[in-house]
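As structure tokens, the structure follows; a few thoughts come after it.
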Amino acid sequence: MLIENVYIAPVAGPEIESGYIRIEGDRIAELGAGPAPGVPDGTARIDGTGCLATPGLVNTHHHLYQWASQGLAQDATLFEWLTALYQVWAAMDAEVVHGAATAGLGWLALSGCTTSSDHHYVFPKGRGDLLAAEIEAAREVGIRFHPARGSMDRGQSQGGLPPDVVVEELDDILTATAEAVDAYHDPSFSSMLRVAVAPCSPFSASAALMTESAALARAKGVRLHTHIAETMDEDEHCVKQFGLRPVDYMEQLGWLGPDVWFAHTVHLSDGDIGKLAATGTGSAHCPSSNGRLGAGIARVSEMLRRGANVGLGVDGSASSELTPLAGEMRQALLFQRARYGPDALTARQALELATLGGARNLGRAGELGSIEPGKLADLALWRVDGPFTAAVADPVCALVFGPPPPLARVLVGGRSVVEDGELRTVAQDEAGRAGVAARQRLLRLAEERGFTAAKEVHPET
Ligand SMILES: [Zn+2]
């Protein structure tokens, strides 16, 4: 396959104003300026005139099931929001998760995402195989998937935040997590699916779960993920319960290292940033969610300057309703500039966060995140020649500073997942309807358990 006449922003290496990208199998074979030399007969050609080619975007923090609980607890802090929604989530089952994940992953693909992680940490008893349900949805939508088998074992009776009804026993968690890695994790170069180990947060997972999870992940050779330093409430909780701030607590538990990436890392000291940089610990920056919950603005430009890796995440849909991954580049750029000034983050840096930064978080910088020969052919072709978009002089500026432009193509390993702005792997309308049905089902199941979601978590109604 050959993409021609296209503006290429490879992220690694110089940009090409008009050039070509040649794909062989699922990999990028070569790229260059001008027309491609010596193209064999029968090569499929995509005319990229008027398009910007970037690496496919990489989403490094999400909770897909939350697609079914969007629009609730609209004006709450993180702890208020969680406390309201745990009761709703306790009712979810495999059908809810499959519908929510189909809509959520379809939506991500429609914003240029070719690889997404998902942090699923609510496993109510007897509700079916929730992890298998989201994995099935990812296979159908056709983007690379890195589900993190999440967990909570520290319910309210143990001093944690979640009600006991949504937590699991430590031994059950470790067994299920090991089984998930054995069943699904594919470490190969072209892998469409890798599993990570992901206790939820310091206020919902015990120290034993954290250390045992780290030991399990390292024994299996998979990555570790959790939420850290999202809000000042969490900071205070950690100091009170453990005598340590969140990053110091993680360090004590053996949770800093190049195989770890954290969600949020909003409230960091200078020393915390130094520890993340020195240990190669990554961060998933989720600016829309941080804004929605009033959590604060992460010190991303300082983290980058000091050599800490940062990728982007949309976070769960219930705290970042309908957030497109491409839009997080803009949100990150504007947040950093609002905090630090207009040179805090450039359009190119924001694009790198969304691509190579994300690939590093997931341990896949060798395969993903930039347009280079030998890497996987995961690409987004943005149409920047529309009658309005074309008024912006620089296509990368048009992509990052403005609302996301339409997508001509999204390729995953050379396969079209989106074409002319529409999903091609699944029926787009059906994917959307699956998300609506998931919401209706979840709220009905919650009501059957005696919890009226609309009344409890949306006070205006
Ligand atoms: Zn999250």
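The values are calculated or read from the model by the stated rules, or taken from the named source; none is laboratory data. Since the structure is predicted, the reported quantities are computational estimates derived from the model, not experimental observations. Cβ placement follows ideal geometry from the backbone for every residue including glycine, while neighbour counts extend to all protein chains displayed. Just the protein is used for accessible areas: all its heavy atoms, side chains included, with ligands, DNA and RNA removed. Shrake-Rupley method; radii C 1.70, N 1.55, O 1.52, S 1.80 Å.
Observations on the structure shown:
- Subset of the stretch 396-431 that is in a helix (DSSP H, G or I) and open to solvent by 20 Å² or more (accessible area, probe 1.4 Å) - its residue that is nearest to residue 114 (Cα to Cα): 428
- Selection over the stretch 312-323 of residues that are part of a loop (DSSP other than H, G, I, E, B) and open to solvent by less than 30 Å² (accessible area, probe 1.4 Å) gives a count of 6.
- Selected residue [more than 20 Å from the chain's Cα centre (by Cα) and in contact (Cβ under 8 Å) with a residue 12 or more places away in the chain] from 392, 417, 396: 396
- Odd one out for residue 255 among (1) in contact with a strand residue (DSSP E or B) (Cβ under 7 Å, 6 or more places away or on another chain); (2) open to solvent by 10 Å² or more (accessible area, probe 1.4 Å); (3) part of a loop (DSSP other than H, G, I, E, B): (2)
- Matching option when the condition is at pLDDT 95 or above and either part of a helix (DSSP H, G or I) or away from the ligand (no atom under 16 Å from the Cβ) (or both), among 278, 263, 284: 278
- Contacts under 6 angstrom Cβ, first residue in the stretch 312-326 being under 20 Å from residue 348 (Cβ atoms), partner within 14 Å of the ligand (Cβ to nearest atom) and open to solvent by 10 Å² or more (accessible area, probe 1.4 Å), 6 or more apart: none
- Every pair of residues 6+ apart whose Cβ atoms lie under 8 Å, when the first sits in the stretch 66-83 and is under 24 Å from residue 436 (Cβ atoms) while the second is among the charged types (D, E, K, R) and in a helix (DSSP H, G or I): 67/439; 68/439; 68/441; 69/439; 70/439; 73/80
- Under the condition of being surrounded by fewer than 23 Cβ atoms within 10 Å (Cβ to Cβ) and either in contact with a Lys or Arg (Cβ under 7 Å, 6 or more places away or on another chain) or more than 25 Å from residue 343 (Cβ to Cβ) (or both), the residues counted in the stretch 293-306 number 2.
- In the condition set (1) at pLDDT 95 or above; (2) open to solvent by less than 10 Å² (accessible area, probe 1.4 Å), residue 309 is compliant with all but (2).
- In summary, strands (runs of 3 or more DSSP E) completely within the stretch 134-239 and bearing 1 or more residues that are closer than 26 Å to residue 58 by Cβ and open to solvent by 10 Å² or more (accessible area, probe 1.4 Å) occur at 144-151, 224-228.
- Among the criteria (1) more than 16 Å from the ligand (Cβ to nearest atom); (2) over 26 Å from residue 282 (Cβ atoms); (3) of a type in the set (Gly, Ala, Ser); (4) within 27 Å of the chain's Cα centre (by Cα), the one residue 109 does not fulfil is (2).
Residue-wise test of (1) in a loop (DSSP other than H, G, I, E, B); (2) β-branched (Val, Ile, Thr); (3) within 16 Å of the ligand (Cβ to nearest atom).
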site	(1), (2), (3)
307	yes, no, no
330	no, no, no
338	no, no, no
351	no, no, no
364	yes, no, no
371	yes, yes, no
374	yes, no, no
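- Inside the stretch 48-66, residues that are β-branched (Val, Ile, Thr) and outside any strand (DSSP E or B) make up a count of 2.
- Filter pass, residue 98 being within 15 Å of the ligand (Cβ to nearest atom), crowded, with 19+ Cβ neighbours inside 10 Å and within 25 Å of residue 223 (Cβ to Cβ): no
- The set of residues in the stretch 287-301 being in a loop (DSSP other than H, G, I, E, B) and farther than 20 Å from residue 346 by Cβ consists of 293, 294, 295, 296.
- Qualifying residue in the stretch 33-41 (condition: exposed (fewer than 15 other Cβ atoms within 10 Å of the Cβ) and in contact with a Gly (Cβ under 7 Å, 6 or more places away or on another chain)): yes
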